Each structure stands twice: as structure tokens, then as C-alpha cells.
Amino acid sequence: MAALQQAGVDLRVFDPGLVRQLGNDRRADGDEPRTVFLLEGRDALEVPEGSERIAFSSPLDPATIDELLAGEQAMVDEIAAFGVVLGDEGRRLVAEGAFGRTEQEILDASFDAVGFVRSGLAAELVAAGALQLDPSVAEVFTRTSELRRQVGTTTVAVLLRPS
């Protein structure tokens, strides 16, 4: 924000903490023509309709992001068709509270295959060796899990949309 101010960009903020830092004259009143917002992790990979990405940072290059998205789709398709099965290690980890959910909660979450994969839960289960994977999909699930976990905390996008 300091760089924007130094560049002469008139900006206003909604967040009370930022208003305290920048002063009341920077408080947004709803009349602003555009809104700048930040997406992190998996959400940063896709640009919401009506928005424009103005900055992006990820440890993954564009080809690897495409690989991740294709792998996620393969995971969604497999989980939607066949569900998930926790192995012995998965049940042990769940019993220890490793995922913050019960076995039934994990199974219930998997019924929304898109949400299950996009949330990162599928990647965490795969990385922990908690799922029984069919040999035909194990490599894709493992690679996609590795990529998804890299995106989780290190990918950021700054976007612009009309207010």
C-alpha cells in the first residue's frame, strides 16, 4: 500500500485495522470505481469472472499449474465415481486427530468431490498415506498432492474488479 500511495494511486480501505493505520481519509465509502483484492493459495490460481489479475506469484510455473489443474480434475473424476477409502494408516491418523475430522466427516466431505479436492483435504490425505489408492491413479494423486501442497501457502494473486 505504501508503494501505491508513493505512486500517487488514490486508495481506500474497508478493513478497520487498515483504516487505523492509514487514517480515516482512506476509509472506503462505497463510491470507489474499482476494488483491489487478494487471493491466496488454491483460490489464487483462477481469476473470478469480471476480475482482472494484476499481479501473481507462485512457486509453480504455468506448465506446472496446468499439470496441477489437470491432476485435480482427474482426482475429482475418480473420487466422484468411486469415492475414497481410508487405509489402516488413514484410520489410525484420523483416530489421532491428524486431520481434525472424524472418519465419517472425511467420507461425507468426499461426496462433494470438487470441494474435497479444492480444499486441499484430498492432498493432505494422499500425502499422509491415508487413502487406499488404485494403482491406476496413484501416480497422478501423489504428484497432484505434491503440487497442491506447494500452492497452499505460497501462491498469491492481486486482482482488480469494478466496485
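The values are calculated or read from the model by the stated rules, or taken from the named source; none is laboratory data. On a predicted model such as this, the values are computed, not experimentally measured, just so you know. Every residue, glycine as well, gets a Cβ built from its backbone with ideal geometry; the counts of neighbours run over all protein chains shown.
Quick notes on this one:
- Residue within the stretch 3-13 that is of a type in the set (A, V, I, L, M), in a helix (DSSP H, G or I) and within 17 Å of the chain's Cα centre (by Cα) present: no
- Residues considered: Ala7, Ala28, Ala70, Ala2. Of these, the only one that is free of Cβ contacts under 8 Å to residues at least 24 places away in the same chain, among the aliphatic types (A, V, I, L, M), over 30 Å from Leu121 (Cα atoms) and surrounded by 11 or more Cβ atoms within 10 Å (Cβ to Cβ) is Ala28.
- Of the residues screened, Val84 is one that is surrounded by 18 or more Cβ atoms within 10 Å (Cβ to Cβ) and of a type in the set (Val, Ile, Thr).
- One residue stands out among those in the stretch 58-67 that are touching a residue at least 60 places away in the same chain (Cβ under 8 Å) and either hydroxyl-bearing (Ser, Thr, Tyr) or in a loop (DSSP other than H, G, I, E, B) (or both): the one that is farthest from Ala138 (Cα to Cα), which is Ser58.
- Residue count, the stretch 100-126 (criterion: within 11 Å of the chain's Cα centre (by Cα) and either outside any helix (DSSP H, G or I) or not assigned by TED's automatic domain parsing to the domain that holds Glu146 (or both)): 2
- Annotation: of all residues in the stretch 130-159 being over 21 Å from Ala55 (Cα atoms) and of a type in the set (Val, Ile, Thr), the one that is surrounded by the most Cβ atoms within 10 Å (Cβ to Cβ) is Thr144.
Yes/no per residue for (1) farther than 23 Å from Gly41 by Cα; (2) in contact (Cβ under 8 Å) with a residue 60 or more places away in the chain:
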position	(1), (2)
Ala80	yes, no
Val85	yes, no
Phe99	no, no
Val117	no, no
Gly120	no, yes
Leu125	no, no
Pro135	yes, no
Arg149	no, no
Thr155	no, yes
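- Unique residue being among the basic types (Lys, Arg), surrounded by 14 or more Cβ atoms within 10 Å (Cβ to Cβ) and either in a helix (DSSP H, G or I) or in contact (Cβ under 8 Å) with a residue 12 or more places away in the chain (or both) when the list is Arg53, Arg92: Arg53
- Screening the stretch 100-119 for residues that are crowded, with 19+ Cβ neighbours inside 10 Å and of a type in the set (A, V, I, L, M, F, W, C) and picking the one that is nearest to Ile79 (Cα to Cα) gives Ala113.
- Residues of the stretch 14-48 satisfying the condition of being within 30 Å of Leu60 (Cβ to Cβ) and either at pLDDT below 85 or assigned to a strand (DSSP E or B) (or both): Asp15, Leu18, Arg34, Thr35, Val36, Phe37, Leu38, Leu39, Glu40
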